[in-house]
Structure formats: C-alpha cells, structure tokens
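This report concerns only the one structure given below.
The values are calculated or read from the model by the stated rules, or taken from the named source; none is laboratory data. In this text the structure is predicted, and so the values were computed from the model without any measurement. In this analysis, Cβ positions are derived from the backbone assuming ideal geometry, glycine residues included, and neighbour counts consider all displayed protein chains. Surface areas here come from the heavy atoms of the whole protein model, side chains and all, with no ligands, DNA or RNA. Shrake-Rupley method; radii C 1.70, N 1.55, O 1.52, S 1.80 Å.
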Amino acid sequence: MADTDRQIMPDLWSILIGCILLSSLYEHNVSGSQLFHVPTVYQRIYQEVTGIEACFRLINATSQIGCSASPKNVSGVLWYAESQDNISSVLNDPPHSPYIVILEPDLFTSENIQDMKESKHVNGIVFYYDKQNPIIPELPGGVFSPGKTCPNNDLVDVECDRSWNVNGSGLNFMDFNNFAVFAITNNDSYNNVLKCYEDHNRGAEGGYGDFPLCSAELEANMDAVLSTPECYERANVWTNLGVPQCIPLGDKNVWGTLFEIQDSQDIIIVATKLDSNAFIPYLSYGANNEVAGIVTQLAVADALGRMKRDGTLNATEKAIMFVFYHGESYDYIGSSRMVYDMLNNKFPYKRDSGKQQPPLLNLTNITTFLELSHVGIQHQYNTESPVYYLHTNQKGKSSSLHDYLINITNKNITFNDTTADSLPPASAQMFHRRDKNVPVIIVSDYDTEYNNKLFGSHYDILENLIHSDMGLSPSHPLIIQLQKLALSLATALLDVSNATVNGGRSPEVDSEKIIELLDCYLVKTNCSLFREVLSPSSLDNLGNEPLSRYVTVNTIANFETQYTFNLLANFTGVVDDTIDTCKKCEKENSDSNQVYTFTHMSGDINHSSDSKDCICVKSFTHYHEATSPAFDMKDYNSKEYSTWAESNWSGISMRIYLVTFPLFEVAILLFGLTLFTISVFVTWQCNRKGRQIFAVTANSPAVHT
Amino acid sequence: SYISTKMTVLAGFSYSLVAYAIPTALFFLTVARQPHEVIVMILGAFFWLLSLLIVAIIWIIVVPLRSTPAFTLPISVILQELCRWLYFRLVKKGDKLLEVVSDDTSQLRHHKIAYVGGLGFGLIAGIVSFANVVEVATGPGVVGVRGSEDSQYFVLSSAFGAQVIILLNICWGVLWFDGWEKRNWILIVLVPVSHMLISGLSLLNNSYCPAYFLTAAYILLIILATLSLFTAGARPKTLKYFFTF
C-alpha cells in the first residue's frame, strides 16, 4: 500500500479537475438529455452579456469626463424604458430602487441621460446598437448632439465667440461618476437581457413586477481619477510602482505631397481631421465629422495623382501637401503637434546630416492653409447645386485661392463668404493662433451654425448624409455635391500652385471612387478598395462594420491611420514595377532616406498565378507623430496643448442574474441556526450518556484479532 | 434598498450552516477533546482525498469518457470504498496504540474510532462537493436566470445533499469497520452497494427535482443509522437513557 502511494505524484491539476467533476456530480443535475453538458453553478446564476462598448473615463488638465462604475460595480434591477412615461416613472420613487435602465434608442436624448444620471434611482443605462446595420432612431426633432456648443474651446488663444454647434448639450464632456452606460452590440446578448426582463420584471399592465427580479451588474471601474496632473502625481507614489494609471491620447498624422519638396519651396496645406468622438468613444463614426471631408480630400489627391502619373501634371511651383490630422476632437492633438514641431525646426524630421531628408518647414513656408470641415450636409440636402462657405482669417485682404473659389461660375457650385466674424473650431486654429499671417481658409457646408444635427453622437453615420433609402450611385445628390467640391478644389489648387499642366487639361474626379471611399469608411471595411491598397497581412483585420474612428491612446496604432496612409500613397504615388514581392518592397525603405516611402499593397493581382504577391508604391507620403507636446514637456497642467488621456481599467463586463427578497435568506439562516442548536443538544446528551446508551459494547472488553 | 447584496454573504453562511451544522456539532462535542481521535479523523479525510486523486488521474487518462459522468461515478464509488478499506487496515494496525492513548479497553472504542473515521471521510466529501456552490452563492444573484431549467431551491437542495452524504458516510464508516473486524459479509457488501445505489440515483435527477435523490438518501440514512446504532451497542431499552438527566 505504501509503495503504490509513493508512485503517485500529487498533481494539483488533477485534484482540481477531479473536485470540479465530482462536485458537479453531487449537484444531482444530470437528466438523460443533459448527460453531456453539465452547467456550472456560476452558469446557473449568472449570464454574461457580450459585445459591449462602454462609456469610459478620459481626463485632462482640469477635469475627468465619461463614466466610471466605482467604487464597486454598478448594479440594479432591470427596467425597460420604451416610452418617455417609463422614464418618468422610474425617476419617481420606484419600488425596487436602484435600477439599470434598458433604453430604447429613440429616448437617448441628453435630457434623459442627465436626468437618469442625477437620479439616485438609476445606476446605469444599457441600449442596443447594431454595428453592422446601424439606424438613426426617431429622436425628437431629429436632433441629438452631445458635443459641445463650441468644440475644443478649452485651449488658450482659440477663437470661440459663438455657438457653432447650436444643438450641442455637452454630454460627451460631462462627468458620470458612479454611473455606467453600455452599448450592447450583440443581438443575441441583448435579446437575452430583454427576455430576462420580460420573464421576471414586467408586472401587470407594464408596471413593476415582484421578486424574484432580473438584475444586471456592470463592471467598468476606472483607475485614473480627477485629472491628468493627478494621474501622473499618483504614479510618483511608490505603491503604484511608478506607472501612471492613464495613457495620453494620440496616434499619427498622415501627410503627403505629389512631388518632392524643394528647398525653400512654399507649400499649400490641404487639411482635414482624421478622428471623431462620441459619447461611447468606440462608436465614433462621424460621417460629417469628418468622413465626408476625408473622402473629398482623398478624391482630390486621387485626381491630381492620376494627372501626375499620366504625364499631364509635371510639377507645381508651390508644393501641395495633403494632411490628415489625428486627435483633433480632443483639443487639436495632431495639428498642435505639427505647429510645435514646425516652430522647433523638427518638421518633417529632426535635422540629421547623415540622412536624405525633406527640407525643414516652418509657418512662414505656408502660403495657404485650406481645411475641409463639415462638407457633407447641405442645408437643402438633396440639392445638386451645393453651396459652401469659406471661413478665412484674411478678411478684406486678397488671397488667390479664396478669390478663385469665390469667383467660380457655371459649374453649379457656389462658394460664399461666411457672415461670421471669427474662425469656427478647426485644425486651422492651431496655425492661426501662432501666426495670424498664415492665410487660413476653412471650407464648410454651414455658415454660422452646424447643419449636422447629430454632431458628436454615435448616430452620425452614413444615413445622416444620405437621408434616404436611395443607395449610393453617381447620380445621388451627395455624390454629385462631393464630386463638384473635389473638382473645384482640384482646379483651384492647380491654379494657385502654378502647376505646369500639359495640354491645358483639367482634373477629373472619379465619382465611383467617392462612392467606394464612403462605403469603405462608413459601411464596412471589407470592401474592394481597402483590399487593394492594404498589404496581404492586413486583410484579416477587415470586417463587416464601419471604421471606428476614435483616436485611442498613443500606444495603439489605429487601423484608420494605416488605411488612410495607404490610400494617400496609392493615389499620389507611383507603382514601381521592378519590385514584385512584399518583402522586397519592405526592404526598399531605409532609415537613411526620409524623402520617400515604399508601401507594399495587395493590388488587384491574381495571387494564385504569379510569384508576385504585392505591388510596391513609391510615394512622398509620411506619418507624423500626433502626441500632444504637453506630454513631451511633462506639462500636465498645460492650457496651450491638449492634455487628454484615457484612464486604465481592469475589466469591462456585464452580467445578468435574479435577486430574491431578503427574507428568503433570513429564513434559511434561521433554519440553519435551529438545526445547529438542536444538533448541539442531541450530541451533547448522547456524549454524556454514551456509555449507558451503548452499554452492550461499553461493558465488553475488546477482542484483539 | 440594497439589502440584497449584503445579505448574500449571509446567505452563503446560512447554506453552510444547513450543510455542516450537524457534523460541526458532532466534531466539537465528541471528537475535538481527544487529540488521537482528531488525528484519526484527519487521516480519514486524507484517504478520501486519495481516492479523489486516483479518480482524477483516471479521468485525465481516459480522454474520450471525460464528458460522461455516468462512467466516472461508479469508478469514484469503487475507489472511495477501496480507500476506506485501506484506511481500515491502517487504523487496525494502530489499534494497540489507540487503546493505550484512549485509556479505553472496551469494544466501544472500536466503534468510536469507526465513527470518527466516517466523520472524517464525510466531512471532506461534503466540503469538496459543496464549497464551490457556497462560494458562488455568496454573490448577489440567486439561481434562476436560465428560467425553468433550474429551481430556486438549487443551492438549498445541494446543501441538504451535502449534509446527507456526510451523515451517510458516518454510518458507512461504522458498518464497514465492524464488518471487516468481525468478517460480517452482510455489512461488507451492504456499504458499497448502498453507496453505489444512492450515487447512481443522483445521476438520474435533473436539478429541478432533486426530491428523488433526497428522499431516498434520507430513508437510507434512517435505515443505516438505526443499523449503526445497533452495531455500536445501542438497544431499544438503552435508548431511554438519552432522556434522563
């Protein structure tokens, strides 16, 4: 016996597995049909809800915004709000407070959210959002804008003297402490939650039910508190091991030119912003904030790039630089960084005599800064003669680009001067505040108030631009508007940059390309255009959802940045036919040459036939660091530069379960105590009288066998 | 009114009371004062864990049958009884020493030791089978989110199940030791057969109606407890001493 014992090595895992198995046996839970799947006790009590996108905490120099379910997880009885009455009812002394409200999207208004936040009867909100087929709900007046009335008005020297976003409620920048708002994007999970509510919580006449009630627990505990300076201060305490519980927001700007920049060449910057924001950050799609602008700008780059490649466009006297700024929704991270680098002689690259570099650029090189900001929603949305407004800081002075656009005729597009006196929120502000002599022109679809009624919300989706069930086609008004805008800008740029054009030909903007770009950014990323311009290894990341355009933290590279870079390179660059594999193309990029880049793309090659697996595009497209200078300078209180950072969190999850009335458990306690008391009595008495009760054996001597 | 959350830690404690109240009382009042009996009891617990270890190893080796509790259960019963037998052999070897330490030369000592061994076996079996259920029950939720598949009394019936298994193990201990001591083949066969039968019965239940298992187990308990008392030396006429001062 002892030998066999020695040969068995105690195996902790087998004991654990054995324990789990045997305890499941003793749960007496196996019927014939269930012989093969035994749920655990945890699974009988809790159901995990998957597919969650959460509202989480962001911090800046002075405040914290967003949601945090702390100090302990947020939980409450489920309540389904289908009508405004349901909301009033739950705010007015409901019986089983507190609650988690399942909100119908029609009721997702700033007032409702704020009322529920302030009420002690509501601890959190969940709602359904279908990422693959999002639809805009029937909101009151068709308006839901949780953005600020004057976005990015926190930095010093930024112009903000009117409510550009007239419908703005500022919900995105409010603090929701001890509150959680989750979007459930998985249809099955959401139906489970609703079913649990229907089965247990819906009382008579749609009123309140009785125990047992279905409850939910939301976990979203944010580690950073109060503000960015606080976050970094706490990192200095030894108990945190010196790691701050927040990470700065940021990513990379994408910029590129058609031709190599010459020394002391003047540049014309054509800019738009790459990121967007929303109350649930990962549901930021921003169709008119700024996908319409991105698509237009890419269409212009494509038109000019084609002219370059077919020999029509030989050179431009002034360089045309296309820039896509990232992080602009959070106090102009990308554009402020570019200005900062320009002023410190670090743009585009820090001087290194051992490398081939483009010339250093400064604000004085910029002859015009043209920005596209909100170009997708006309006042009369189905017009085929769009009107755009020019906001400029050179009022009264003559500027060639401004005058060219104002004077365009017979193309069924009109550019008007804005009636406002100041610049709207735009990346151009970062250039304007440092040097008022940099001529800035912002092209927008609005004059003094945003046309975008869903600005800053997760419903700023393609439907917000299209307004109807009409599919996208070259005859759709939106496509006609954007095509005309791109064409006007392309011809204006050629004129103003003193381009050398052969045969007096004009640029052609491809409507099909505009349609494809809108489809790729706003409908699903698994589209043929993306499949062509991305490398084969990136194709796995493409899916059936629109592109999420929140800037995220600066340690994560967003897909959107890479996709836009590849698009710009593809449109403005030249295919190098001598390189036909991905690896060879990669190798062409050398550290010592920072003038051009080689980008390998899948192309439309028939991969099975040749040994060729990539096309190699040589272009003047670059990335530029888009992290706020405040973090480089460690000035976390900065009012000059963005100090936005995202809080760390250890888990974001949700589960539903039933709760019963408290007396049930008290009853069991009383039963247990009674049982204990009785058994103590009986045992004590038995023990005392043992020798008499068991007299037969107690009085016989032991037999030793 | 967030009483529910805090109450559920109390709920965990309450369920533990239901399952472990009787054996805890038994331990503190009849075993704890005698150190040698405590040691014997813990040794019993160890032998039960040994059986669990061997079952686990078999379960890992025989991969295709991992998802069939119907296979593992008979093996587990057989191994428990085997380890109970090994335990008996070990205790018998230490019999002379136990006699000296306990200062008791009567036959009752053998039965007391058997009872203590059964208590050890039973307690560890009860802890292993029920402890994780208690741990989950201390959370805010109660059983029932899956609808009609689970009864709200799931945890409570698990508690009773653990309790009855512990008490049955005490009876099995007494009967098994006496059977092997006196070569009483009726008792030697009775213990594993009744164990196998009652465990098999648990397989045929679903969680919504554990009534079959619990009823049968308690009836078996009454029968075996009577038999154990008789074996240990109690007779109908000596029972009256329980009610005296």
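Looking at this structure, is A:SER538 surrounded by fewer than 23 Cβ atoms within 10 Å (Cβ to Cβ), free of Cβ contacts under 8 Å to residues at least 40 places away in the same chain, over 29 Å from A:GLY327 (Cα atoms) and polar (S, T, N, Q)?
So A:SER538 does not fit the description; no.
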For B:GLY139, the lone unmet condition from (1) at the interface with chain A (Cβ under 10 Å from one of its Cβ atoms); (2) farther than 30 Å from A:LYS195 by Cα; (3) in contact (Cβ under 8 Å) with a residue 12 or more places away in the chain; (4) open to solvent by less than 50 Å² (accessible area, probe 1.4 Å) is (2)
Tell me, which helices (runs of 4 or more DSSP H) lie completely within region A:630-705 with 1 or more residues that are hydroxyl-bearing (Ser, Thr, Tyr)?
A:662-688, A:695-698
Pick from A:THR272, A:THR228: which is among the hydroxyl-bearing types (Ser, Thr, Tyr) and over 19 Å from A:SER647 (Cα atoms)?
A:THR272
All positions within region B:76-132 that are open to solvent by 40 Å² or more (accessible area, probe 1.4 Å) and outside any helix (DSSP H, G or I)
B:ASP103, B:THR105, B:GLN107
Among the residues of region B:47-75, which ones are assigned to a helix (DSSP H, G or I) and free of Cβ contacts under 8 Å to residues at least 12 places away in the same chain?
B:LEU53, B:ALA56, B:ILE57, B:ILE60, B:ILE61, B:VAL63, B:PRO64, B:LEU65, B:PHE71
Answer with yes or no whether A:TYR232 is in a helix (DSSP H, G or I), open to solvent by less than 20 Å² (accessible area, probe 1.4 Å) and in contact (Cβ under 8 Å) with a residue 24 or more places away in the chain.
no
From B:LEU97, B:LEU79, grab the single residue that is within 11 Å of another protein chain (Cβ to nearest Cβ) and more than 14 Å from B:ILE170 (Cα to Cα).
B:LEU79
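Among the residues of region B:217-245, which ones are open to solvent by 30 Å² or more (accessible area, probe 1.4 Å), aliphatic (A, V, I, L, M) and more than 11 Å from chain A (Cβ to nearest Cβ)?
Correct list: B:ILE219, B:LEU220, B:ILE222, B:ILE223, B:ALA225, B:LEU227.
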Could you grab me the full set of residues in region B:155-177 that are surrounded by fewer than 24 Cβ atoms within 10 Å (Cβ to Cβ), within 15 Å of B:SER14 (Cβ to Cβ) and among the hydrophobic types (A, V, I, L, M, F, W, C)?
B:LEU156, B:PHE160
Have a look at A:ASN452, A:ASN498 and point out the one that is touching a residue at least 60 places away in the same chain (Cβ under 8 Å) and either closer than 24 Å to A:LEU171 by Cβ or basic (Lys, Arg) (or both).
A:ASN452
Name, by its number, the condition in (1) at pLDDT 95 or above; (2) surrounded by fewer than 19 Cβ atoms within 10 Å (Cβ to Cβ) that does not hold for A:GLY203.
(1)
In region A:653-671, how many residues are open to solvent by less than 20 Å² (accessible area, probe 1.4 Å) and either within 26 Å of B:PHE27 (Cβ to Cβ) or more than 7 Å from chain B (Cβ to nearest Cβ) (or both)?
3
With criteria (1) free of Cβ contacts under 8 Å to residues at least 12 places away in the same chain; (2) open to solvent by 10 Å² or more (accessible area, probe 1.4 Å), A:SER650 comes up short on (1)
Is it the case that some residue within region A:454-461 is β-branched (Val, Ile, Thr), more than 23 Å from A:THR257 (Cβ to Cβ) and open to solvent by 20 Å² or more (accessible area, probe 1.4 Å)?
no
Applying the selection to region A:339-380, what residues are assigned to a loop (DSSP other than H, G, I, E, B) and touching a helix residue (DSSP H, G or I) at 6+ places or on another chain (Cβ under 7 Å)?
A:PHE347, A:LEU361, A:ASN362, A:SER373, A:HIS374, A:VAL375, A:GLY376, A:ILE377, A:GLN378
Search result, residues across region A:672-700 that are open to solvent by 90 Å² or more (accessible area, probe 1.4 Å) and within 8 Å of chain B (Cβ to nearest Cβ)
A:TRP684, A:ARG691, A:ASN699
